[in-house]
């Protein structure tokens, strides 16, 4: 569009249109898988909403110290069990801690547990799935039977048992790491199976044969050639897995077997609802953390669905 | 031409067939069933045959990408199939492969310079850095790509360009033997000639030997010095290319050559039509495997396996009646 300044605005617009279209076409021809993915994802309005909600929740958890003037552990016995007010938007709890502050900090813990549980899940799942898929034969048999064994443990009873056995020996502040590990170590088999399936089909592709002909080590073939090609699927299952992990953490903490007070999490904040009096008369104590769990899990699920659709090359 | 650098003896590759809940072995697909040939330095041996006759399996078994069932492969007097790991790694530098499908043969998540340079780093020939980049640039420009292509991903290239990347990848290790597994059959005719010329130029420059696998007889005739014809896992005829084209001895070769279309409508050709289909390699016919479709078949063909014999002048044929 050189010399565009001399042309009137109207002419400029008419001229611009075809030029833009050409640009689009040129872009489409050399669209990288990543660009295609972003474009498809943007079309999915529902998952954009999920993404926005999730970003807001993450930001509010990260910026908690700026957003609230209170400390989540600071007790104030002069203000016990107050209803919502100007100073305390969601009131205070039985030892006078600001409840909104506790929810914001609780979000930090809940999402951190979800994130790290999923990271553990991905590392174990991708590695075991990768090994089983690449080597096949008896390696595959052993690893897959092992993952089936892990998969067939009923999650809740086992998690409760582990948490009850190990949890008592650990100080409350460290308990969240135990919870991360319990969830992470019990949830990898699904991912391992999916990665294995992907790698079984990738293994037969000629670029893997070429890598073998070049004398590339097996470990590098798995880590550089095979796993990167399953990354899309891993991301999708990680987002969905994170929603599950947050739910599991909440469930365990609600039962008093996950993260325990004074460390706040959404799960153990709902514990208040176990008292009938609070359940009936002080809704602000259990409704907000419940809504937080709901919003977080829903937005992550929406995001995960959108990612899955965008990553599937057959969908439009 | 000088001495044989590659010697294949009685190479066999059988794929087991399993059936039932207990995965009982019920038979073998005899994809390659006893192949022997020699390849000299700087020579191209063309391997032709129908789909499913075991051409590609032969190429891959020689490079030990598939484990052979039987037989031996010697490269410069070194046993390839039983080589220990570190020895094999050295052999990998000398023996390379170019694949048929330019789409699935390049990792979509690696850039050109990563694809070409990966093996160089793995074999500790170069370290990441300027020298490696310079060498990669040299290799890819030799293969008809430009320096600015280095950081692009495979999907940004056309089929012909991708095949050049595949060739550059094989070439980077400076091999002296390349298995070209139908390297041009996925390309347009105009691009085919470019890629074939690249291969022949590289042969002249570096003295590379090719095992050129193809089902396109025209291409094979152009590029090869000698040609082997395969049928159902066996070589039926192996000879210098002109001898094979002018004077085919094996009835299968005769039928195959008569099927080449001639771009002249006035010329009448006697096409030899083969009866029936190619038999299953899981259950090949007895005796000469070709007897079920051969015009000249006699009783002896059903009973005795013909010897792969030299009719003189290194023209090998596996037929009882060839003279």
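The values are calculated or read from the model by the stated rules, or taken from the named source; none is laboratory data. None of the values given here were measured: they were computed from a predicted structure. Heads up, the Cβs are rebuilt from the backbone with ideal geometry, glycines too, and the neighbour counts pull from every protein chain shown.
The helices (runs of 4 or more DSSP H) located wholly in segment B:66-183 that include 3 or more residues which are without any contact (Cβ under 8 Å) to a residue 24 or more places away in the chain and either more than 24 Å from the chain's Cα centre (by Cα) or within 14 Å of another protein chain (Cβ to nearest Cβ) (or both) occupy B:85-94, B:112-122, B:130-142.
Against the list (1) in contact with a helix residue (DSSP H, G or I) (Cβ under 8 Å, 6 or more places away or on another chain); (2) assigned to a helix (DSSP H, G or I), the condition residue A:257 fails is (2).
Listed residues A:231, A:208; which is at pLDDT 85 or above and part of a helix (DSSP H, G or I)? Only one candidate qualifies: A:208. Here residue B:237 meets the list (1) assigned to a loop (DSSP other than H, G, I, E, B); (2) touching a residue at least 24 places away in the same chain (Cβ under 8 Å) almost entirely, failing just condition (1). Among the residues here, residue B:52 does not qualify as over 20 Å from residue B:229 (Cα atoms) and modelled with pLDDT under 85. Restricted to segment B:1-21, and to residues there that are surrounded by 12 or more Cβ atoms within 10 Å (Cβ to Cβ) and without any contact (Cβ under 8 Å) to a residue 40 or more places away in the chain, the residue that is nearest to residue B:73 (Cα to Cα) is B:4.
Looking at A:194, A:176, A:181, just one residue is modelled with pLDDT of 85 or more, away from chain B (no Cβ under 14 Å) and either within 26 Å of residue B:155 (Cβ to Cβ) or in contact with a helix residue (DSSP H, G or I) (Cβ under 6 Å, 6 or more places away or on another chain) (or both), and that residue is A:194. Within segment A:211-223, restricting attention to residues that are at the interface with another protein chain (Cβ under 8 Å from one of its Cβ atoms) and in a helix (DSSP H, G or I), the residue that is nearest to residue B:80 (Cα to Cα) is A:213. Scanning segment B:22-32 for residues that are free of Cβ contacts under 8 Å to residues at least 24 places away in the same chain and within 14 Å of another protein chain (Cβ to nearest Cβ) turns up at least one hit.
Take the conditions more than 24 Å from the chain's Cα centre (by Cα) and surrounded by 21 or more Cβ atoms within 10 Å (Cβ to Cβ) and apply them to residue B:301. Does it pass? Against the criterion (more than 24 Å from the chain's Cα centre (by Cα) and surrounded by 21 or more Cβ atoms within 10 Å (Cβ to Cβ)), residue B:301 qualifies. Residues in segment B:246-303 that are touching a strand residue (DSSP E or B) at 6+ places or on another chain (Cβ under 8 Å) and part of a helix (DSSP H, G or I) were compared, and the one that is nearest to residue B:26 (Cα to Cα) is B:252.
For segment A:211-223, taking the residues that are touching a residue at least 60 places away in the same chain (Cβ under 8 Å) and under 19 Å from residue B:93 (Cβ atoms), the one that is surrounded by the most Cβ atoms within 10 Å (Cβ to Cβ) is identified as A:221.
For residue B:259, state whether it is closer than 29 Å to residue B:38 by Cβ and either surrounded by fewer than 16 Cβ atoms within 10 Å (Cβ to Cβ) or in contact (Cβ under 8 Å) with a residue 60 or more places away in the chain (or both). Against the criterion (closer than 29 Å to residue B:38 by Cβ and either surrounded by fewer than 16 Cβ atoms within 10 Å (Cβ to Cβ) or in contact (Cβ under 8 Å) with a residue 60 or more places away in the chain (or both)), residue B:259 qualifies.
Okay, residues lined up against (1) in contact with a helix residue (DSSP H, G or I) (Cβ under 9 Å, 6 or more places away or on another chain); (2) within 21 Å of residue B:33 (Cβ to Cβ); (3) touching a residue at least 60 places away in the same chain (Cβ under 8 Å):
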| residue | (1), (2), (3) |
| --- | --- |
| B:248 | yes, no, no |
| B:266 | no, no, no |
| B:275 | yes, no, no |
| B:283 | no, yes, yes |
| B:305 | no, yes, no |
| B:312 | no, no, no |
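Among the residues making up segment B:2-60, those that are within 15 Å of the chain's Cα centre (by Cα) and assigned to a loop (DSSP other than H, G, I, E, B) are B:43, B:49, B:50, B:51, B:52, B:53, B:54. Checked against (1) surrounded by fewer than 21 Cβ atoms within 10 Å (Cβ to Cβ); (2) under 30 Å from residue A:230 (Cβ atoms), residue B:28 passes all but a single condition, namely (2).
Screening segment A:224-257 for residues that are within 14 Å of chain B (Cβ to nearest Cβ) and touching a residue at least 24 places away in the same chain (Cβ under 8 Å) and picking the one that is surrounded by the most Cβ atoms within 10 Å (Cβ to Cβ) gives A:226.
Any chance segment B:279-289 includes a residue that's buried (at least 19 other Cβ atoms within 10 Å of the Cβ), modelled with pLDDT of 85 or more and within 19 Å of residue B:228 (Cα to Cα)? The answer is yes; a qualifying residue exists. Among the residues of segment A:107-119, is there at least one that is farther than 22 Å from residue A:247 by Cα and out of contact with any strand residue (DSSP E or B) (no Cβ under 9 Å at 6 or more places or on another chain)? For segment A:107-119, residues farther than 22 Å from residue A:247 by Cα and out of contact with any strand residue (DSSP E or B) (no Cβ under 9 Å at 6 or more places or on another chain): absent.
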